[in-house]
Amino acid sequence: MDLGLTDRTVLVTGASGDIGREAARAFAAEGARVALGYAHHRETAARLVAELGAERAVAVRYDLTDPGSVAPALSIVERRFGPVEVYVAAGIAPPAWPVQSTAFEEVPVDDWVPFLRGNVEQTLRTVQLVLPGMRRHGWGRITFVSTHLVRQGRPGRGFYTAAKAALHGLSRSLAWDAGGDGVLVNVVCPGLTVAGRAGAVPEAVLSEEAGRTPSGRLSRPADIARAVVFVSSAANGNITGEVLTVAGGR
Ligand SMILES: NC(=O)c1ccc[n+]([C@@H]2O[C@H](COP(=O)([O-])OP(=O)(O)OC[C@H]3O[C@@H](n4cnc5c(N)ncnc54)[C@H](OP(=O)(O)O)[C@@H]3O)[C@@H](O)[C@H]2O)c1
């Protein structure tokens, strides 16, 4: 199946992380030009540029806690590869383990306000900056990476799921706002995914979680990446405002 991604300009934020990295690799394998957003791990992004080839990939600093980093990142991408046609937000998550044990009402405001603001406001701002170019081209794809915990909930994850759930609402409304201009907007929800972050989760917890899925296994970053690439491609002709869960059927 032709995914129609050859020479498309793709921005993957969180590309220095497990899922974003696999998504970037999968887009590059489809012939796309990929901008790799990193926040703290420049070397990881630089290694990925070397792997994918400098003619196909560029690393850009994109930090959700620094509003000033969004516009410069986008202008680097635009100068190098042209306007962003596909925007994938594979942003921040709290550490997978241990799960925060502080009572909800005792989580300091200074912890949750920047987390919520960064995730929601900077993502909105990024959409505002990439959408005009997509409308002009009459084609675009926006994909938010969320978490299946938005549906399931989990103790100690209230601020994380609140931030991610905001992107579900944004996706539904944006699907209406931009659909007539050929821009499709979706959410991909991974379940617990076996990779670096999940590597810190005790083996017993991982196998218990895997045992709760119909497929009998947890997802891997490549499973999530394939779903992200499909909904963000031209092979996705008319799926928009949807939530695609990749969690082994859980
Ligand atoms: N892994 C799972 O089990 C799982 C399950 C459900 C949902 N998800 C979702 O999938 C997405 C990716 O998860 P992952 O497992 O790939 O995470 P990860 O390996 O921990 O990577 C997180 C990514 O977010 C970036 N990041 C951190 N702070 C940032 C900031 N202030 N601004 C912008 N980017 C920042 C990191 O960049 P630097 O490394 O450069 O700081 C890194 O690229 C997250 O949105 C997460 O909620 C993951």
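Things worth noting here:
- Our coupling estimate for segment 215-223, obtained by passing each phi through the Karplus curve with A = 6.51, B = -1.76, C = 1.60 and θ = phi - 60°, is 7, x, 8, 7, 6, 10, x, 5, 4 Hz, Gly and Pro reported as x.
- Distant-in-sequence amide H partners of CYS189 (H built 1.01 Å from N, under 5 Å): SER146, LEU244, THR245, VAL246
- Full-extension gain in nm, ALA162 to HIS41, via 0.36 nm per residue minus C-alpha separation: 41.0 nm
- The length gained on full extension between ARG226 and GLU242, counted as 0.36 nm times the residue separation minus their Cα-Cα distance, comes to 4.2 nm.
- Relative frequency of Cα-Cα separations exceeding 27 Å in the chain, percent: 32
- Shape call, segment 103-221: gyration tensor on alpha carbons, a/c limit 1.5: oblate
- Evaluating 6.51 cos²θ - 1.76 cosθ + 1.60 at θ = phi - 60° for every residue in segment 84-91, the Karplus couplings come out as 5, 9, 10, 10, 10, 9, 10, x Hz, glycine and proline recorded as x.
- FRET E, pair TRP97, SER207, Förster distance 25 Å, beta-carbon r, rounded to 0.05: 0.95
- Mean residue ellipticity (222 nm) of the chain, computed from DSSP H runs ≥ 4 via -39,500 (n - 2.57), nearest 500: -13000 deg cm²/dmol
- Think of segment 9-246 as a dipole: +1 on every Lys or Arg Cβ, -1 on every Asp or Glu Cβ, centred on the Cα centre; then among ALA90, VAL107, PRO155, ALA90 lies furthest on the positive end.
- Here the Karplus curve 6.51 cos²θ - 1.76 cosθ + 1.60, taken at θ = phi - 60°, turns the phi angles of segment 43-50 into couplings of 5, 5, 5, 5, 4, 5, 4, 4 Hz, with x standing for Gly and Pro.
- The chain: most fluctuating residue of ARG212, ARG56, ARG172 per GNM, C-alpha cutoff 10 Å: ARG212
- A Gaussian network model of the chain, with springs between Cα atoms under 10 Å, assigns the largest mean-square fluctuation among VAL127, VAL84, VAL145 to VAL127.
- Nonlocal amide H pairs with GLY91, under 5 Å, H built at 1.01 Å: VAL145
- Most fluctuating residue given options THR213, THR102, THR65, as computed from a GNM of the chain linking Cα atoms under 10 Å: THR102
- Cα long-axis angle, helix 158-179 against the chain (0 to 90 degrees, to the nearest 10): 30
- Once the C-beta distance of PHE104 and ARG61 is scaled by a Förster radius of 45 Å, the resulting FRET efficiency is 0.85 to the nearest 0.05.
- Distance between the C-alpha centres of segment 227-250 and segment 80-157: 17 Å, rounded to the whole angstrom.
- Where GluC sites (Glu not before Pro) fall in DSSP loop in segment 48-85, at most 13 other Cβ within 10 Å: GLU55
Here, each number is a calculation from the coordinates, and none is a lab measurement. These numbers were taken from a predicted model, which means no experiment stands behind them. With ideal geometry, Cβ positions are generated from the backbone for all residues, glycine too; neighbour counts draw on all protein chains shown.
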